[in-house]
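Taking it in order: structure first as structure tokens, then the write-up.
The values are calculated or read from the model by the stated rules, or taken from the named source; none is laboratory data. Bear in mind the structure is a predicted one, so any value in this text is a computation, not a measurement. Cβ: placed from backbone, ideal geometry, glycine included. Neighbour counts: every protein chain shown. Note: accessible area is taken over every heavy atom of the protein model, side chains too, but ligands, DNA and RNA are not part of it. Shrake-Rupley method; radii C 1.70, N 1.55, O 1.52, S 1.80 Å.
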Amino acid sequence: MKNIAIMASGAGTNALNLIEAAKAFKNVRIACLVVDTASSPLPEIVRRKYPMLPVHRILPMGGLKGNDRKNEHETRVLEALRNHEVDFIFLAGYMRIIGSVLLNSYENKILNIHPSFLPSYPGIDSYRRAFEDRVSESGVSIHFVDKGVDTGPVILQEKFPRLEGDTLSDFIQRGKNLEWKLYPKILEKINDSATLLPGA
Ligand code: GRF
């Protein structure tokens with residue numbers, strides 16, 4: 001059995017979708033959810049809908065700055081993950097750059113879903129930036145997390161078109177639909193092969 005932790009900061013539609021999708025697989029389970037913001041509605045939704053799923057809301061501490069702040073926060077996240085014997089971390093709209101504490105403990109075990117066809121449009125606001133550039137297509141990528149911002153090896157990616165007359169919200173919706181389809185495929189890969197390696 002492989003234990004997956006999901007980390008999220010915002011609305012959490014990917015997190016909820018993964019929790020639901022994982023029910024179909026025998027060899028993977030969502031072991032816990034970590035949320036790093038006070039504003040995300042996700043902990044309440046998950047506690048109500050999935051009362052057996054451990055949820056940790058772990059906020060960065062005030063007072064510290066820069067790397068000290070990141071290290072202290074990630075150390076508390078790591079403690080929570082260790083209690084659940086986590087094998088893989090799925091970032092699902094987690095808005096912090098992952099630092100050395102988590103990267104060293106989970107080398108090639110942290111995955112992210114990014115709303116563009118990488119290496120195009122790394123960073124924030126990718127759907128909007130692509131839309132404003134009037135691209136004819138964009139995409140969704142799932143990749144391993146490394147030290148950079150959206151630079152790790154891609155595991156799976158797919159394109160979607162921008163259609164005539166699309167508003168930004170139509171365009172984003174088409175992208176999100178693809179996100180919800182693609183991220184569970186990684187659960188399936190781990191379920192079937194018990195592993196996931198860069199370049200495999
Ligand atoms: C998604 O667009 C994902 O690709 C990006 O952050 C967004 C999170 O959305 N990394 P949600 O919170 O899962 O709805």
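A few notes on this one:
- Each of Phe88, Phe131 has its accessible area taken with a 1.4 Å probe; listed largest first, they run Phe131, Phe88.
- Unsatisfied cross-links (Cα-Cα over 22 Å) in the set Lys159/Lys181; Lys26/Lys159; Lys70/Lys189: Lys26/Lys159; Lys70/Lys189
- For the pair region 59-81 / region 105-122, the C-alpha centres are spaced 21 Å from each other.
- Carbon plus sulfur fraction of accessible area for region 86-192, probe 1.4 Å, in percent: 50 percent
- Percent of C-alpha pairs per 10 Å bin in region 102-200, short distances first: 15, 45, 29, 10, 1.
- Ranked by solvent-accessible area (1.4 Å probe, protein heavy atoms only, all chains present), the residues Ser39, Ser141 order from largest to smallest as Ser39, Ser141.
- Rounded to the nearest 10 square angstrom, Phe25 shows an accessible area of 50 square angstrom against a 1.4 Å probe.
- Just the protein heavy atoms count here, and of the accessible area of region 1-62 at 1.4 Å, carbon and sulfur take up 59 percent.
- The charge dipole of region 51-200, taken about its Cα centre with unit charges on the Cβ of Lys, Arg, Asp and Glu (plus for the first two, minus for the last two), comes to roughly 280 debye.
- Scattering curve values for the chain, log₁₀ I(q)/I(0), Debye with Cα scatterers, q = 0.08, 0.09, 0.13, 0.14 Å⁻¹: -0.26, -0.33, -0.70, -0.81
- Region 69-123, Rg to Rh (Cα coordinates; Rh as Kirkwood inverse mean 1/r): 1.00
- Each of the peptides 108-119, 91-102, 157-168, 185-196 was scored by the mean count of other Cβ atoms within 10 Å over its residues; in descending order, highest first, they stand as 108-119, 91-102, 185-196, 157-168.
- Solvent exposure of the chain amounts to 50 Å² per residue of accessible area, where only protein heavy atoms count and the probe is 1.4 Å.
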